[in-house]
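Computed from the coordinates by the stated procedures, all read-outs in this text should not be read as laboratory data. This one's a predicted model, so the numbers in the text were calculated from it and none came from an experiment. Note that each Cβ is placed from the backbone with ideal geometry, even for glycine, and that neighbours are counted across all protein chains shown.
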Amino acid sequence: MNSLSVSEPNPLPNSLLRKLFHAFTGEYFWFYILLLPSILILVGLVIIPMLFTLRMSLANTSVTVIGGHGSLSMPWSGINNYIHLFQSPDFWQSFRETLFFWLASILIEVTVGVAIAVLMNQQFLGQRVFRIIVFIPWAIPTVVNSMMWGMIMDGNNYGALNDLLLRMHVIKNAIVWLNPSALFPHFSWLSHVLSSLGMNTAILSIIVGDEWHTLPIVVVLVLAGLQTIPVEYYEAARVEGATGWRKFRSITLPLLGPILSVVLILRTMQLLRAFTMIYTLEQFGLPVLSIQAYQQAFSFGSFGLGAATSFIIGLVALFISYIYIKRLYKEEL
């Protein structure tokens, strides 16, 4: 009598499901459990708002408030908001000013920040006091820092910067530092050329105030990177007769690559969406992309255009960050 062999059903016929089952129930089980709160926060605070912003940018979004109750309307319009922005001269002027603000700030932070960090990494009298002084600006709240620099660059005679320059006889009349064409009142053509490149007095003044506030965090990160470089590398280079500049170029700078990449990514994201200091000092007088997005949404009620502008800022930041990361991985290989 032939017995029929009955094969047991495979609970996980799909190899992908089997792999996922083993991944979540194996040795990494507690890893995923502990990581779950961070994933939920990331999805709730980043992914969902980003997708909602994308949806708003693809619609003629409007808000109606009746009797204290608001309603959101988002009729689909496709890429019309993006087409409108790309055809607008104001958008491209804001884009140039934003890129200039980012590029000038990054250059200052990398050069000055690395120089200060290298100095602070040396042994000298008063090193601890110098470190404390350098870190003080970072402890000041952004709004307080903005108001302080607003008083420093006040266009009247009692503005701190004007008062100092007048006492030193460097200038004859007070300069309105936050006026885009303040330095070139008699050279309108030069003011026009610099403005077309995104450079003007107002944005230069804001860069100075912003760098004073944020440079300490760059110094801290670079200093931490410097202290991880083995001293033996420098001793070997000294035996070989390398100069100070050669040691910096061949040892310090390459080994600071990962730290500088982190600094560049963090500061790029912060600078492209910078808002607080610019709005505090200039309101809508300096329409970089972040200010333009705010103005379109909350002043003109064009939430679709505001969302499209915000999404463009995010895409530009992601593109630049991708270049940094790609460059870093290439150097490591």
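Tabulated values for the structure
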| read-out | value |
| --- | --- |
| Hz values of 3J(HN,Hα) by residue in the stretch 59-65 - Karplus curve (6.51, -1.76, 1.60), Gly and Pro given as x | 8, 7, 6, 9, 10, 10, 10 |
| Extension gain (nm, one decimal) between His169 and Phe298, 0.36 nm per residue minus Cα-Cα | 42.0 nm |
| Net lengthening on full extension, Ile66/Trp245 (0.36 nm per residue, minus Cα-Cα) | 57.7 nm |
| Separation between Cα centres of the stretch 223-288 and the stretch 25-87, rounded to whole Å | 33 Å |
| Gain in span if fully extended, Met74 to Phe275, counting 0.36 nm per residue against the direct Cα distance | 69.7 nm |
| In nm, spacing of pseudo-spin labels at Val262 and Ile323 (7 Å Cα→C-beta vector) | 2.3 nm |
| Sites Gln93 and Thr228 - FRET efficiency at Förster radius 41 Å, r taken between beta-carbons, to 0.05 | 0.45 |
| Pairwise label distance in nanometres, Glu235 with Leu36, each label 7 Å out on the Cα-Cβ vector | 5.1 nm |
